[in-house]
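First comes the structure, then the notes that go with it.
No value in this document is a laboratory result; all are computed from the given coordinates. The structure presented is a predicted model; accordingly, all values stated were derived computationally and were not measured. Reconstructed Cβ throughout: ideal geometry from the backbone, glycine too, with neighbour counts over all protein chains shown.
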Amino acid sequence: MVFSIIYLIISCGSAYGWGGDGHSLTAAIAQTLLTNDSLNFVRDHLPWYTSGNISMLASWPDYIIYPDTNPVDYLNWQWSKELHYVDTTDWSCVYDREQDCNWSSGQECVDGSIQNYTARLADTQQDEIQRNEALKFLIHFIGDAHQPLHDRIIHTVSCQYQ
């Protein structure tokens, strides 16, 4: 067993992010941990074609931000790129919500996104389309928040793990 793990670590050259598979697996695991009430709430707000499976929507926010993967009938949502991660200033490795997330001017990071879309999903004054959209973003951003080294640098620099 130990040999297998060591071999796996040595043979893996680099990591580039969750990607579709990672987001789908993370969402599938998360779904198994939901309480019955939470699961029913989520299923009530998922599109019919998912058959109650949140992993089917886990990568949607990644697909809509790029013109070449943007589904038909969606406007280009490049504005949401900054919402997928947090960058700490000067490599300090200390998160300062006000500074690192532009908290007062728009909550432009994954922390602010999770809080924003949680509030939108819970807001019964939002129409079903808005709540569905909030759920899709929330599923994805919670996955992003659990991805190691998920920040802007991972999108511009290839990290090698040894």
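Brief remarks follow.
- Converting phi to 3J(HN,Hα) with the Karplus coefficients 6.51, -1.76 and 1.60 and the offset θ = phi - 60°, segment 109-121 yields 6, 5, 4, x, 5, 4, 5, 4, 6, 5, 5, 5, 5 Hz in sequence order, with x at every glycine or proline.
- Estimated inter-spin distance, GLN126 and ASP96, nm [label 7 Å along Cα→Cβ]: 3.0
- Relative protection proxy for 112-119, 35-42, from highest mean packing down: 112-119, 35-42 (other beta-carbon atoms within 10 angstrom).
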